[in-house]
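The values are calculated or read from the model by the stated rules, or taken from the named source; none is laboratory data. Please read all numbers here as calculations on a predicted model, not as lab measurements. Cβ placement follows ideal geometry from the backbone for every residue including glycine, while neighbour counts extend to all protein chains displayed. For the accessible areas, the whole protein counts, side chains as well, though only heavy atoms, and no ligand, DNA or RNA atoms are used. Shrake-Rupley method; radii C 1.70, N 1.55, O 1.52, S 1.80 Å.
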Amino acid sequence: MKKLLLLIAGVSLSLNAFAWGQKGHDIVAYIAECHLTPAAAEKVGQVLGGRSMVYYANWMDNASHTPEYAYTKTWHYMNIDADETLETQPRHAKGDVLTAIASITKDIKKGKLSEKEHFDGLRMLIHMVGDMHCPMHAGRSTDRGGNAVPVQFFNRESNLHSIWDSSLVESAHGWSYTEWQWNIDRVAEEFAAQVQAGTLEEWFEQTVRIAKRVYEVTPVGAQISYDYVNAMAPVIEQQLLFGGLRLAALLNALYE
Ligand SMILES: [Zn+2]
């Protein structure tokens, strides 16, 4: 029994190391789905075989652990070190979240992918646009995106990456993904259009700025509790909303 529990704990740790927790990706996918144009919604529905975007929002986190998709392991993030910027940071040889989103978008646009390649590509886009809004996915390579920064979360041993991927989302609100959408996706159309404007790089630079701020306010061994959750909940809400709005913008442009 003890062995089984350890095994389960190990699995959840390795999943945590990858992305927004499942809830975060579901929220981003659902918000995006609510903002698709009719044309994009129809095409997305076809490519996903009638399933929703939420259904596949977390697929890539599992797929990246399988031999078939092991090549996507580094596509969930792009580390930016303490003294680097998006421009100066050397890119990972095996790919990163920005390069992967750009190249898959281009490939789908060209229209030469097989049905299976298109299906995989769309499922990856749904996931990766979420990941690129996850602050610790722009964290430093020197501490593996905060995975090697120990912190205490309500007196439990954790790390900076894990609390930003999951614990803060779960602690901010106990909502389902539809309730998250209902509560945070209520901005004026002009504001949404501003959020959706800009390039992939500009969207990611915002995540980079947040990541740098997170490092400033969260020293190694920080005791994280109510005040931190309270202060960071608006940041989490913003990034999930922006991720959803921008994923919609990307797909609306792709499937005009
Ligand atoms: Zn991921």
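Indicate the gyration tensor shape class of the stretch 53-184 (rounded, prolate or oblate), computed on the Cα atoms with a ≥ b ≥ c the square roots of the eigenvalues: a/c under 1.5 is rounded; otherwise a/b larger than b/c is prolate and the rest oblate. It comes out oblate by the Cα gyration axes. Using the average count of surrounding beta-carbon atoms within 10 Å as a protection proxy, the listed peptides 109-115, 147-153, 161-167 rank, highest first, as 161-167, 147-153, 109-115. For the stretch 200-252, the gyration tensor built on C-alpha atoms gives an oblate shape. Its axis ratio a/c (a ≥ b ≥ c) is at least 1.5, and a/b is not larger than b/c.
Peptides 224-236, 22-34, ordered by how many other C-beta atoms sit within 10 Å of their residues on average, highest first, read 22-34, 224-236.
Here the Karplus curve 6.51 cos²θ - 1.76 cosθ + 1.60, taken at θ = phi - 60°, turns the phi angles of the stretch 156-170 into couplings of 9, 5, 8, 9, 4, 4, 5, 5, 6, 6, 10, 4, 5, 4, 5 Hz, with x standing for Gly and Pro.
When each of the peptides 53-59, 194-200, 175-181 is scored by how many other beta carbons lie within 10 Å of its residues on average, the order from highest to lowest is 53-59, 175-181, 194-200.
Computed from Cα atoms alone, the Kirkwood hydrodynamic radius reported for the chain is 18.5 Å. Taking a span of 30 Å or more along the helix axis (Cα atoms) and a mean Kyte-Doolittle hydropathy of at least -1.0 as the rule, the DSSP H helices of the chain that qualify are 226-254.
Over the chain, give the accessible area per residue in Å² for a 1.4 Å probe, as an integer.
49 Å²
Beyond a 31 Å Cα-Cα separation, which of these cross-linked pairs lie in this structure: Lys73/Lys112; Lys110/Lys212; Lys112/Lys212; Lys109/Lys212? Too far apart for the 31 Å limit: Lys110/Lys212; Lys112/Lys212; Lys109/Lys212. The convex hull around the C-alpha trace of the stretch 105-256, projected and averaged over every direction, spans 10.4 square nanometres. On the stretch 18-254, 52 percent of the accessible area sits on carbon and sulfur atoms, based on a 1.4 Å probe.
With the cut-off at 1.5 for a/c, could you classify the stretch 57-113 from its C-alpha gyration tensor as rounded, prolate or oblate? The shape class here is oblate. For the chain, a simple Cβ point-charge model (Lys and Arg +1, Asp and Glu -1, everything else neutral) yields a dipole of about 680 debye relative to the Cα centre.
In this structure the amide hydrogen of Arg144, modeled in the peptide plane, comes within under 5 Å of no amide hydrogen from residues 5 or more places off or on another chain.
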